[in-house]
Amino acid sequence: MSGPPRGLVVDDNRISRQLLAGHLDVLGYETVLASDGDEAWDILEREGTSFDVVLLDRRMPRMDGMEVLARIKASPHLQTLPVIMQTAADSQQEIIDGIRAGAFYYLTKPVQPEVLLSVTAAAVEHHARFRQLRQGVHRQAAALRQLQTGLFRFKSPRDGSDLATALAAAMPDPQRHVIGLAELMMNAVEHGNLAITYEEKTDLLARRALDTELNTRLNHPDYRDREVTVAFERTPDRVVLTITDEGAGFDWRRYLEMDAKRVFDTHGRGIALAQSISFDTLEYRGRGNQVVATARVPRDSELGPNRDAGAAPLVSGAPASLPTHQGAEDPDRRRLVSVQTHLIHTQADLRASQQRLAADLAAARQMQHDLLPDPAVLDTLQQRHGLRVASHFETSSELGGDLFGLRGIDEHRFALWTVDFAGHGIAAALNTFRLHTMLDEFPEWMNYPGEYLSVLGVRLASLLATEQYATALYGVVDTQSDTLRYAAAASPAPLIANLRTGEVTAGDGSGVPLGIDSGILYETRELAFPPGHLVLLFSDALLECRLGDRTALGESGVRGLLSEAIARHGEGVLLEQVLAPFLDRVDRPLTDDLTALMCVRRPDGTD
Amino acid sequence: MQYNITTEGTATVLHLSEQLVDADRAAFDTVLSRVLSSRPPRVIVDFSGLHYMDSAGLGLLLTLRERARAAGAEVVLRNPTGAVRDMLQLARFDTLFSVVNA
């Protein structure tokens, strides 16, 4: 193949499709897009052999991903084409089914770009190797079919790979054995003689430095005399290969099947692959520097076209099959059961780790709630200033990026604020913790909203990365002058409503978000806020979250909520009554954190 | 997000259409690399076809600003309309970028 690798991206969701294609673009791949299984299969039938990898969504209308996968694996021309499936998280059964059906890898949604890129690169590399190996098998086939016993030695990975293709040709099902054999030869050199550890290999692959390192070690005095010995022995009912290296051995038990810890690594599958696909038994001996692989010779009644000595061309033979209906004694079936059992263990490990994570998140969530105003402080403020304060704080994931608060300044003034960090989840939540410790650093500016936001902005700009910023509104209510003086940093406008008439006045929320540049000065604005009025501060989730009919409220919608709630419930209107029409209809889970803070000045100015 | 890239004199023009939201993060990042790869002295982001941008979209523009600055390019925001213009106005992006209507 010449030119860049080609990937076929199959997903019924336009945005996912383009996102995936965008990632492959980064790798310099050529991509072809298909929006469902039918379209994908049309393309594969027409030009399937031109692709190096398929990214396939599991759930699609018309022909679903499993059907496409099954057709690919049943097609002699396409069966080695690696297929990376994507599925919703937590669909363990789908993963088991997919592995049975021959998927190269499973990605769970939402797909992490780094994982996608490394898995795709690994798949394309595998495919290129398989192509080479299989062409090799074809060339070697005729000569070696009569081999009875033999002893072979080699040093380099290239010689190992050549020997693998040669010996596979002498085995009962060359197409099936060559892959596992090549993996075992490679392991004997890399991890045996050249003593590259699993962790080192992970690192070398990530740095694209594996080949260089292999060459260095092949020439190094410590390693250059080491050889791998391969003994081949044919009996009437089986072929036995014994591969011995001169390394220190390794803890092979970890690698015989997929290990939960390694399930998302891009290498380390060789031994499990050899075990589950290529051989009937695989046995490590001693300290792990010797492995015995056995392939059963089918009885005459089981013979497939590949056994047909010399006559049938090996490359276009019947698909390497994984029969599943031949009873409990069938070794293929046993291997499938073993893979399945292992996945169940993996699932248990994942569940345990999820539980730990859930406990940590619950603790963090509690800490975040502790940042919100203390009920005792609220009570004092309500008494002193003749207020009724209510809030709604709802995060879109376990932790949120919103924060609000109130603080007394003196007998007739108090401050209130809402802050919304860009994004949500843990990164945004950590910023709320940082900010909370900062809020008390400038007591001298508390009474001056513009200045307060300006100094806060300087502090945040020195701490936050580029895409992290916060929108904020900071206000001071003065019950003597009946005003709300405030400053804003790209916040939704504060709303003041007359509790008698329902008339709503909006302030101005515009301002550069906090944390982008230091040295931004914020202006102090003012709204009248006499008794018998309320002020509503809120995060943009209230403006932007989609309701059931796909529209969002926008500013006029929020003003409408407020005036309608006052018209219906009068002066005693509650925040939950204001928000009910939104909370009842909004799509869950929320797409952003929601904060609303309502502060009512009682009509008589006291309780 | 849909986009296409053209040139006007020495400037590279990134035409954005549909919407710019959190889900476009990865794609936008790729687009930026492409836009800046020719090291243009000036990058014009044309919003004529963009009808919606949320607060995450603002963050993406900040990334653009930072990366353009590092690459020595000036950024101009052109022809924002409707909700996009309102969002830029809310965040006073006219103080961070030059905003023009042509």
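The values are calculated or read from the model by the stated rules, or taken from the named source; none is laboratory data. Since the model is a prediction, treat every value here as computed from it, not as a measurement. FYI the Cβ positions are ideal-geometry reconstructions off the backbone, even for glycines, and counts take in every protein chain you see. Heads up: the accessible areas ignore ligands, DNA and RNA and are worked out on the full protein's heavy atoms, side chains in. Shrake-Rupley method; radii C 1.70, N 1.55, O 1.52, S 1.80 Å.
Residues whose amide H comes within less than 5 Å of that of B:VAL13, counting only those at least five positions distant or on another chain, are B:THR6, B:THR7, B:GLU8, B:ILE44 (H built at 1.01 Å from N in the peptide plane).
Each residue, A:GLU114 and A:GLU576, gets one label point 7 Å from its Cα in the Cβ direction; the gap between the two is 4.4 nm.
For the pair B and A, how large is the buried accessible area, both sides, in square angstrom to the nearest 100, if the probe is 1.4 Å? Show your work: numbers first, answer last.
Working: alone 5350 and 28460 Å², together 31860 Å².
Between B and A, the summed buried area is about 2000 Å².
For region A:364-453, the C-alpha radius of gyration divided by 2.2 N^0.38 Å, with N the number of residues, is 1.14.
Just to be sure I understand the curve: with the Debye formula and one point per C-alpha of region A:501-548, what is log10 I(q)/I(0) at q = 0.17, 0.21, 0.29, 0.30 Å⁻¹? These q points yield log10 I(q)/I(0) values of -0.80, -1.00, -1.21, -1.23.
Between the listed residues B:SER98, B:GLY59, B:TYR3, the Cα displaced farthest toward the positive end of the dipole of region B:2-100, a dipole computed from Cβ unit charges relative to the Cα centre, is found at B:SER98.
Mean per-residue shielding of peptide B:25-36 is 3, counting Cβ atoms of other chains within 10 Å of each Cβ. Averaged over the residues of peptide B:54-67, the number of Cβ atoms from other protein chains lying within 10 Å of each residue's Cβ is 5.
Compute, for region A:395-452, the length of the dipole vector about the Cα centre, with Cβ point charges of +1 (Lys, Arg) and -1 (Asp, Glu) only. Units Debye, rounded to 20.
Working: 3 positive and 9 negative charges, 27 e Å.
Once rounded to the nearest 20, the dipole reads 140 debye.
About its Cα centre, how strong a charge dipole does region A:492-607 have in debye, to the nearest 20, once Lys and Arg get +1 and Asp and Glu get -1 at the Cβ?
280 debye
Remark on region A:1-31: accessible area falls by at least 10 square angstrom from chain-alone to full-complex state for A:ARG14, A:ILE15, A:GLN18, A:LEU19, A:GLY22, A:HIS23, A:ASP25, A:VAL26, probe 1.4 angstrom. Farthest towards the positive end of the charge dipole of region B:34-99, among the residues B:SER37, B:GLY49, B:ALA68, is the Cα of B:SER37, using unit charges on the Cβ of Lys, Arg, Asp and Glu. Here, region A:371-601 yields an orientationally averaged convex hull projection of 11.5 nm² when only Cα atoms define the hull.
Between B:LEU20 and residues 5 or more places away or on another chain, which pairs have amide H atoms under 5 Å apart, with H built 1.01 Å from N, and which residues are they? For B:LEU20, whose amide H was placed from the backbone, the distant partners under 5 Å are B:TYR52, B:MET53, B:ASP54. State log₁₀ I(q)/I(0) for region B:2-100 at q = 0.13, 0.14 Å⁻¹ as given by the Debye formula over alpha-carbon point scatterers of equal weight, solvent excluded. The Cα Debye sum returns log10 ratios of -0.38, -0.44.
Can you tell me which aspartates and glutamates have their Cα less than 17 Å from the Cα of A:LYS155? Leave out same-chain residues fewer than eight positions away. Result set, ordered by chain and number: A:GLU183, A:GLU190, A:ASP211, A:GLU213, A:ASP222, A:ASP225, A:GLU227, A:ASP245, A:GLU246.
The C-alpha radius of gyration of region A:8-63, expressed as a fraction of 2.2 N^0.38 Å, stands at 1.05.
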